[in-house]
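Presented below is the structure to which this report refers.
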Amino acid sequence: MTGLGDLFRWFAGGPDGYMTLSHCMKGDTFWITLTVVLDIAVAMGYVLIARHWWENEKSLPASHAKLALGNMKRIFLFCGTCGYLFIPIKLFWPAWRLYDIFMMALVFFTWRYALNARQLRVVYHELGRTKQLAFELEESRAESRRKSFFLNAISHDLRTPLNGLMLQADLAEFSLVAEDSESLRESLREIKACARTTADLLGSFLELGKLDWSDDPSRESGFLVADLVEHVVKGARSLAQGKGLEIRSSSPEGLYLHTDRVKLERILQNLVGNAIKFTQAGRVEVSVEATGPDAVVHVSDTGVGIPDGLRETIFEEFYQVDNCERNSTKGFGLGLSIARRLARRLRGELVVESEVGRGSRFTLTLPGAVAVASPAGPVPSGRGKSASASLG
């Protein structure tokens, strides 16, 4: 017993008798009480944090990240509780030597975990991976929403002409029984129109799917751009004539392009068709110019124009200005989306300038597409022959 008493006295103060912290604080009861309360509060906060840490840790699967976090938890708890709980002890018991022993233990555990702190890179790796997974999940959700809208629009646009087809087929059957040849001819015309609408939609849908899910390489060749532009204008002339529009084109004489002719023709067909569709009076014009090695194609109209906030939206699938009812006679909203994707397949870019009520100008830029350019200025296409036609 004497040995334990001597050991206790040695820890308590030694032969010279160390002073307590309360003595150093001159016995100020208020500040001594405040110190004790604050130290205990901080230590209990450390314990509570460690408890929540431990409860959440149980839900994690075994991994290097879990091991690293467990090491952090232990050093956190040891430093917090020992460091702050020892202060009230020193207030009333001058166990300075015991304090040094605790400090030695703290140094040991601190350096033990400090040397393993490289495990933290596992934690940061997992956090970075989680962020990447969250980003990919959001992208997946956005893609899912886009596909849902895509399929809903497809089903709506297909249902309308197919329902019309069925209705007109029934009317044709009734007209045949009634021997009403005029009604029968009208029903057949409507059946052909509905079938053509359905075929156009399916063709556009398949073309868009091909651009999305296949890698169709460009088949570049050299060709006279005036011939291509004249061919597109000639194909759209009857449609423009039906609306009383003027359609014309111009390109530099002798200008050859080296690019995928089929894709460029499809782009121009979509742009010209879109321009005619949304122009009620005036003209549609296709012009080509060479800017150094780059070819620039403009398709201008005097149509309804596009509001500022919709100039990028119009390139999305199934979006059309002023066609909320999705009237198939105004198209399906796929032409501009297909045109921009084809332009990017040609390493080019398609942009639009527009003013509401005054018309729009779509500009296709094809970098490095010019093969041979004549210094002559712009002349009407068709090797010097006018390709303009007043169809009003």
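The values are calculated or read from the model by the stated rules, or taken from the named source; none is laboratory data. For clarity, every value in this text was computed on a predicted model and none was experimentally measured. Cβ: placed from backbone, ideal geometry, glycine included. Neighbour counts: every protein chain shown.
Out of the residues in region 279-303 meeting the condition of being hydrophobic (A, V, I, L, M, F, W, C) and farther than 21 Å from ARG261 by Cβ, tell me which one is surrounded by the fewest Cβ atoms within 10 Å (Cβ to Cβ). Among them, the one singled out is ALA281. One residue stands out among those in region 282-337 that are under 20 Å from LEU239 (Cα atoms), out of contact with any His (no Cβ under 9 Å at 6 or more places or on another chain) and β-branched (Val, Ile, Thr): the one that is modelled with the lowest pLDDT, which is THR329.
Any residue at all in region 376-385 that's of a type in the set (Ser, Thr, Tyr), at pLDDT below 50 and closer than 23 Å to ARG237 by Cα?
Taking region 376-385 first, the residues of a type in the set (Ser, Thr, Tyr) are 381.
Cutting the leftovers down to at pLDDT below 50 gives us 381.
Checking the rest, the ones that are also closer than 23 Å to ARG237 by Cα come to 381.
Yes, region 376-385 contains at least one residue that is of a type in the set (Ser, Thr, Tyr), at pLDDT below 50 and closer than 23 Å to ARG237 by Cα.
For region 164-203, filtered to residues that are in contact with a helix residue (DSSP H, G or I) (Cβ under 7 Å, 6 or more places away or on another chain) and within 21 Å of SER337 (Cβ to Cβ), the residue that is modelled with the lowest pLDDT is LEU201.
Closer than 19 Å to LEU224 by Cβ, under 30 Å from the mean Cα position of the chain (by Cα) and not in a helix (DSSP H, G or I): is that true of VAL296 in this structure? Before the answer, list the steps.
Details: closer than 19 Å to LEU224 by Cβ: yes; under 30 Å from the mean Cα position of the chain (by Cα): yes; not in a helix (DSSP H, G or I): yes.
So VAL296 passes the test.
Of the residues making up region 269-290, those that are touching a residue at least 60 places away in the same chain (Cβ under 8 Å) and not in a loop (DSSP other than H, G, I, E, B) are ASN270, LEU271, GLY273, ASN274, ALA275, SER287, VAL288, GLU289, ALA290.
Every residue, every condition in (1) exposed (fewer than 12 other Cβ atoms within 10 Å of the Cβ); (2) modelled with pLDDT under 75, yes or no:
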{"site": "THR2", "(1), (2)": "yes, yes"}
{"site": "LEU7", "(1), (2)": "yes, yes"}
{"site": "ALA12", "(1), (2)": "no, yes"}
{"site": "HIS23", "(1), (2)": "no, yes"}
{"site": "LYS26", "(1), (2)": "yes, no"}
{"site": "ILE32", "(1), (2)": "no, no"}
{"site": "GLY83", "(1), (2)": "no, yes"}
